Amino acid sequence: MNTHIPKHLEHLRHTLSHLMAAAVLEIRPDALPTLGPAIENGFYYDFDFPTPITDTDLLEIEKLMKKLLPTWKEFTHREVTKEEALEQFKENPYKQELIEEIVSRGEKLTLYTCGKFTDLCRGGHVEHPNKDIDPNAFKLSHIAGAYWRGNEKNKMLSRVYGLAFESKKDLDEYIKQTEEAKKRDHKKLGKELDLFFIDEKVGKGLPMWTPKGTALKFELENFTRDLERKYGYEHVSTPYLGGEELYRTSGHLDHYSKNMYAPIDMDGDLFYLRPMACPHHIRMFQRKSWSYKDLPVRYAEIADYNRYEQSGELMGMIRVRKFQLTDAHVFVAPEGLKEEFKDVCRMIIEGLNGLGFSNIVSYRFSKRDPKNTEKYFQNDELWNTAESLMQEALDELELPYVTAEDEAAFYGPKLDVQAKNVNGKEDTLFTAQIDFLLPEKFNIEYTSTDGTKKRPVMIHRSTIGALERTFAFLIEHYAGEFPTWLSPVQVSVLPISDKHLSYAQEIYSTLKKHNIRTELDDSNETLGKKVRAWKISKTPYSIVLGDNEMKEKTLAVEHRSGIKESVSLSVFIEKISKEISNRTY
RNA sequence: GCCACCUUAGCUCAGUUGGUUAGAGCAGCUGUUUUGUAAACAGCAGGUCCCCAGUUCGAAUCUGGGAGGUGGCUCCA
């Protein structure tokens, strides 16, 4: 994760971790320091505080860091024995655990000292902190909880985050940039542009799409289904409830139950709100027998899912408890798997291009960690086959990807399409997965050329991800200025005065008849105010209508980019219809 | 779920050391105005100060508990 940070910046940031720990220990001698690395944009240090630390403590710590910095002239270090190290940190069980671990790995133990502060550390600092660090180029930013060693079963520590750059200018620039980014925040724009809202009485993580948001959602649905039809998918509709046995068979109750809503008991039968539709599509497939000639069979559905995400994980439209995934399941013969997976990738790329996302996403090849026996089903052969096949397909397509261990689904490896939100946090937009397991569990079959029964492989894949999350990324990517085809309102008609109202109504209803999403501003306001309202709404086009237009039978059209033209209604309709049907900006 | 922070009108925000009837702008409504490219003028209406307890003569303000949100951790589409 930190590999792309330039070395000197990483050293600077790591040095500041030490300096912060030193300052914290002067103010709070009872705090136990644990670990403090450099990260993107800054650094952090995790402490175990016997009494809680709050935001107001940050200022004091930062002030002391700046006071200590001039006394930090040079780092010295020495190698120590395990006994010495354990003695040095005899009151700190966290450091003791680290010492044991370092020793068991056969590595050397080193202590680094600067000023009056000594820490267990493998090195990587600036040589002369007092000269190499600009005291105005760092700033403590916030406090957050973090589990010791990243494991939720461990104690939660307090992580103090700081920002750090080479110069004050870089720091200021970064702060300015993050402020700019926040203006694109989908939660903020969603409210301002009236696209969706989340009501606490309906429930957290359960967003509702407003009329404007829904107009955009329907476009996404059409886009998805058109693309799927083009790639040979058939659409199905299945219920968002499923019986207990279905999820028992699929393994979801064993591997996924903590993310599933509690079952509904009706007359002794248990029903689950589905977290995914694979079992439904499998049962759909199994309604009849299939020949090798029929494969691949591709069932697509924009499916409703309910997943009980932990409350702290919820976030706007990006992380919710009820969402619609543009999902599909492909049943393919093993010999056709690689080619089919490549086709899936091609479709995904086409979808990303269509949404304008091709430059903001990255690809992640997510494999299992064979050591994590709790998360993944156990069958080395199937895993190896699936992973190597997927890798071959990705390599043959020359898709630029990074490999990630321990990120697979419980039933198979994934290709993840990753994107960063306005806070710089990376999320999975959607995935494609190869699955040998569910065909096994459900005993899915087709008849092979020689008349014997064979087992197909499944591909789980999404076309453009969850509509909610994709919507959020669209809002942030376009800052609310959606391409015309996606815009909730495509044209605002602005009559200058009441005199022009009937002409405006005529234009308005003609545009509506041509399926162009149009709004008529018939308010009793000045043109300036109507134009302002139109600009704020980020609607692509406005049409101003006054005496001139009525006389000449024309429209004064303005695009939100500022381009103005005077055209006839028929010319405008032709132009915008083309823009909409081509799904262009 | 855990850690930190936030919550006042539909929205954005004021609100002094606890002290009459909690304010403003925008949006809304009514009227006047009939407007040529980013805010006409006037009036009206709009509040369980997130909720519940407690302290106090008196709580938007202090204390405790809870809810929701945001940023992290864990998790993940």
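Sites listed here are trypsin sites (Lys or Arg not before Pro) in the stretch A:187-294 whose DSSP assignment is loop and whose Cβ has at most 12 other Cβ atoms within 10 Å: A:Lys201, A:Arg287, A:Lys288.
In the stretch A:447-552, a dipole from Cβ-located charges (positive for Lys and Arg, negative for Asp and Glu) runs towards its positive end, and of A:Phe473, A:Ser462, A:His514 it is A:Ser462 whose Cα lies farthest in that direction. From the alpha carbon centroid of the stretch A:384-418 to that of the stretch A:420-452 is 11 Å. Ranked by the mean number of other Cβ atoms within 10 Å of their residues, highest first, the peptides A:431-438, A:573-580, A:149-156 come out as A:431-438, A:573-580, A:149-156. Applying 0.36 nm per residue to the separation of A:Val402 and A:Glu79 and subtracting their alpha-carbon distance, the gain on full extension is 112.7 nm. When the Cα positions of A:Pro400, A:Gly115, A:Pro483 are compared along the charge dipole of chain A, A:Pro483 comes out farthest toward the positive end, with charges on each C-beta of Lys, Arg, Asp and Glu. Take the alpha carbon gyration tensor of the stretch A:316-411, find the square roots of its eigenvalues, order them as a ≥ b ≥ c, and report rounded if a/c is under 1.5; if not, report prolate when a/b exceeds b/c, else oblate. In terms of gyration-tensor shape, oblate. The loop-placed trypsin sites (Lys or Arg not before Pro) in the stretch A:337-431, going by DSSP, that have at most 13 neighbouring Cβ atoms within 10 Å of their Cβ come out as A:Lys371, A:Lys375, A:Lys425. Classification of the stretch A:357-436 by its C-alpha gyration tensor yields an oblate form. The axis ratio a/c (a ≥ b ≥ c) is 1.5 or more, and b/c is at least a/b. Here the simple spin-label model places points 7 Å from the Cα toward Cβ, and for A:Lys230 and A:Glu574 these points are separated by 2.6 nm.
To the nearest 10 degrees, how steeply does helix A:501-513 sit against the main Cα axis of chain A, on a 0 to 90 scale? It works out to around 80 degrees. A straight chain from A:Asp267 to A:Asn515 at 0.36 nm per residue would run longer than the Cα-Cα distance by 84.5 nm. Using the Cβ-Cβ distance between A:Ile27 and A:Gln177 with R0 set to 25 Å, the FRET efficiency works out to roughly 0.20. For the Cα atoms of chain A, what angle does the longest principal axis make with the long axis of helix A:467-478, in degrees from 0 to 90, nearest 10? Its long axis makes an angle of about 90 degrees.
For the stretch A:473-585, dividing the convex hull volume of the Cα atoms by the residue count gives 92 Å³ per residue.
Per residue, the convex hull around the alpha carbon atoms of chain A comes to 212 Å³. In this simple spin-label approximation, A:Gln378 and A:Gln505 carry label points 7 Å from Cα along the Cα→Cβ vector, and these lie 7.6 nm apart. Against chain A, whose longest principal axis comes from its Cα atoms, helix A:569-581 is set at around 40 degrees.
How about A:Lys441: which lysines have a C-alpha closer than 28 Å to its C-alpha, ignoring those fewer than 8 places off in the same chain? Straight-line reach from A:Lys441, under 28 Å: A:Lys258, A:Lys288, A:Lys293, A:Lys322, A:Lys338, A:Lys342, A:Lys367, A:Lys371, A:Lys375, A:Lys414, A:Lys453, A:Lys454.
Computed over neighbours whose Cβ is under 11 Å from that of A:Ser537, the net charge equals +1, Lys and Arg +1, Asp and Glu -1. Length available on full extension from A:Asn130 to A:Ser497: 0.36 nm per residue minus the Cα-Cα distance, which gives 125.3 nm. A:Val103 sits with roughly 50 Å² accessible to a 1.4 Å probe, with DNA, RNA and ligands left out of the calculation.
Note on A:Tyr503: accessible area is roughly 20 Å² with a 1.4 Å probe, heavy atoms of protein only. Rolling a 1.4 Å probe across the protein heavy atoms gives chain A an accessible surface of 49 Å² per residue.
For chain A, with all protein chains in place and a probe radius of 1.4 Å, 49% of the accessible heavy-atom surface sits on carbon or sulfur. Measuring r between the beta carbons of A:His8 and A:Val103 and using R0 = 30 Å, the FRET efficiency lands at 0.50. Taking Lys and Arg as +1 and Asp and Glu as -1, the other residues whose beta-carbon sits under 14 Å from that of A:Arg469 total 0. Modelled label positions at A:Asn353 and A:Phe49, each set 7 Å beyond Cα in the direction of Cβ, lie 5.2 nm from each other. For the stretch A:425-499, just say rounded, prolate or oblate: build the C-alpha gyration tensor, square-root its eigenvalues into a ≥ b ≥ c, call rounded for a/c under 1.5, and beyond that prolate if a/b exceeds b/c, oblate if not. Cα axes put the stretch A:425-499 in the prolate bin. A:Asp427 exposes around 30 Å² of accessible area when a 1.4 Å probe is run over every protein chain in place. For A:Asp304, project a label point 7 Å along Cα to C-beta. Then give me every residue of the stretch A:243-265 with its amide nitrogen under 13 Å of that point. Output list for this probe position: empty.
Only helices enter the 222 nm calculation for chain A: every DSSP H run of n ≥ 4 contributes -39,500 (n - 2.57), and dividing by all residues gives -11500 deg cm²/dmol, rounded to 500. Sorted on the mean count of surrounding Cβ atoms within 10 Å across their residues, most packed first, peptides A:131-143, A:73-85 read A:131-143, A:73-85. Quick one: Cα centre-to-centre distance for the stretch A:258-336 and the stretch A:511-552, in angstrom? So the two Cα centres are separated by 44 Å.
The values are calculated or read from the model by the stated rules, or taken from the named source; none is laboratory data. Model, not experiment: these values are computed from the prediction. Note: ideal-geometry Cβ built from the backbone for every residue, glycine included; neighbour counts use all protein chains shown. The accessibility values were calculated without ligands, DNA or RNA, using every heavy atom of the protein model including side chains. Shrake-Rupley method; radii C 1.70, N 1.55, O 1.52, S 1.80 Å.
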